[in-house]
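Before any comments, here is the structure.
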Amino acid sequence: MVQQKKKNEAVNLEEAVSKSEAFLLKNKKAIIGAIAAIIIIIAAIFAYQSLYKAPREHKAQAALFKGEQYFENDNYEMALNGDSIGFAGFLKVADEFSGTKAANLARAYAGLSLAHLGRYDEAVKELDKFNAKDQMVSPAIKGAMGNCYAQTGNLDKAVDLLMSAAKEADNTSLTPIYLRQAADIYVQQNKLDKALDAYKTIKDKYFNSYQAMDIDKYIEKVELMSK
């Protein structure tokens, strides 16, 4: 039963991410939204596990619930800072219930909310506090941080994180997304050899991914620029 559940979750993750057509440098909301979808799915796992943990974990998860609703409805300001009817906000939940899985998840939500609000430096700080060991979540958070750095103009840091996320993920769902984001940045930096390597990796290794569908035109463009 557990193994089947994990397989189903993996399929859902792959479907959610493979439909992402944009890259943050062109459409930040689409990419952050794709990463957020992964976090939301993992949240369900944490919520299930918390039912068997200490009472503090129960309280933390209950405190998180309303914020998840705000987040899913794109009400990022209220999700982050709370409302006037009892929800304290992701930032306070993370501090008040420090050490719980729900608080850890609140950090991720807070970081993504800040990214949606265009507060990228703050987003990076929150995302960096998230402790993720899962093979899907950890690179997703790292990729989100890379995209935030790209928005602030710190392209070196951005591309390093994106390439690291691509290597860590090592799957068809996430790796081609990060490789192409990184390659686009390499082109901006005029690091054409690195851009070409990233594009060709998508074509050769992740040929079944959405990103591989039109990858030849990007390869051709960089090859022409290199002449």
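Laboratory data are not the source of any read-out in this text; all were calculated from the coordinates shown. It should be emphasised that the depicted structure is a prediction, and the values quoted were computed from it without experimental measurement. Cβ placement follows ideal geometry from the backbone for every residue including glycine, while neighbour counts extend to all protein chains displayed.
Of note:
- When each of 203/227; 200/227; 191/221; 66/142; 129/203; 133/217 is checked by Cα-Cα distance, pairs over 24 Å: 66/142; 129/203; 133/217
- Gyration tensor verdict on segment 93-227 (Cα atoms; rounded if a/c is under 1.5, prolate if a/b is larger than b/c, oblate otherwise): prolate
- Phi to ³J(HN,Hα) by Karplus 6.51 cos²θ - 1.76 cosθ + 1.60 over segment 197-204, Hz, x for Gly, Pro: 4, 5, 4, 5, 5, 4, 5, 7
- The charge dipole of segment 50-135, taken about the Cα centre with unit charges on the Cβ atoms of Lys, Arg (+1) and Asp, Glu (-1), comes to about 400 debye, rounded to the nearest 20.
- Cα gyration tensor shape of segment 156-227, rounded if a/c is under 1.5, else prolate or oblate by comparing a/b with b/c: oblate
- Three-way shape label, segment 91-172, alpha-carbon gyration tensor, a/c 1.5: oblate
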